[in-house]
Amino acid sequence: MSKLRMFYLAMSIIGAVVPMFFVLGWAQGNALTGLLSAWAVNGASTGLMWDLIISAIVFAVFALSECIARRDYFPLVALPAVVMIGLSCGLPLYLFLRTRARA
């Protein structure tokens with residue numbers, strides 16, 4: 001495995017663990033239903049929320065079009081990671097899967 005692929009894999013793992021550390025720590029003292037309202041508590045958090053949503057949508061469209069053009073659909077398993085974990089996990093996971101040797 002190349003150093004670049006190892007970097008993508010490491011960043012995917014870090015991108016899953018670090019945000020979840022903070023979200024789960026917050027969730028222990030709060031109801032998960034309050035998460036949406038916490039994202040809109042001020043302009044900075046709302047701006048960050050929309051930045052991530054827009055980036056995730058653009059990434060999903062890119063990944064879909066790239067996989068269709070290449071006829072290699074396996075890297076699309078990264079899209080559920082974007083939805084369930086976040087862009088910081090799903091994007092490097094997609095790059096890791098996309099750069100694998102194809103048979």
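Between the helical axis of 43-70 and the longest alpha-carbon principal axis of the chain there is an angle of about 20 degrees. What angle, in degrees between 0 and 90 and rounded to the nearest 10, separates the Cα long axis of helix 3-29 from the longest principal axis of the Cα atoms of the chain? That works out to roughly 20 degrees.
Our estimate of slack between Ser45 and Arg5, defined as 0.36 nm per intervening residue step minus the Cα-Cα distance, is 11.2 nm. Which of (i) 15, 39, 31, 13, 3; (ii) 12, 23, 22, 20, 20, 3; (iii) 15, 49, 30, 7, 0 is the computed P(r) over Cα pairs in 10 Å bins from 0, in percent for the structure on display? Evaluating P(r) over Cα pairs in 10 Å bins from 0, in percent on these atoms matches (i).
The helix-based estimate of mean residue ellipticity at 222 nm for the chain, built from -39,500 (n - 2.57) per DSSP H run of four or more residues and divided by its residue count, is -26000 deg cm²/dmol to the nearest 500.
Each value in this text was obtained by applying a stated rule to the coordinates, not by laboratory testing. Keep in mind it's a predicted model, so treat the numbers as computed, not measured.
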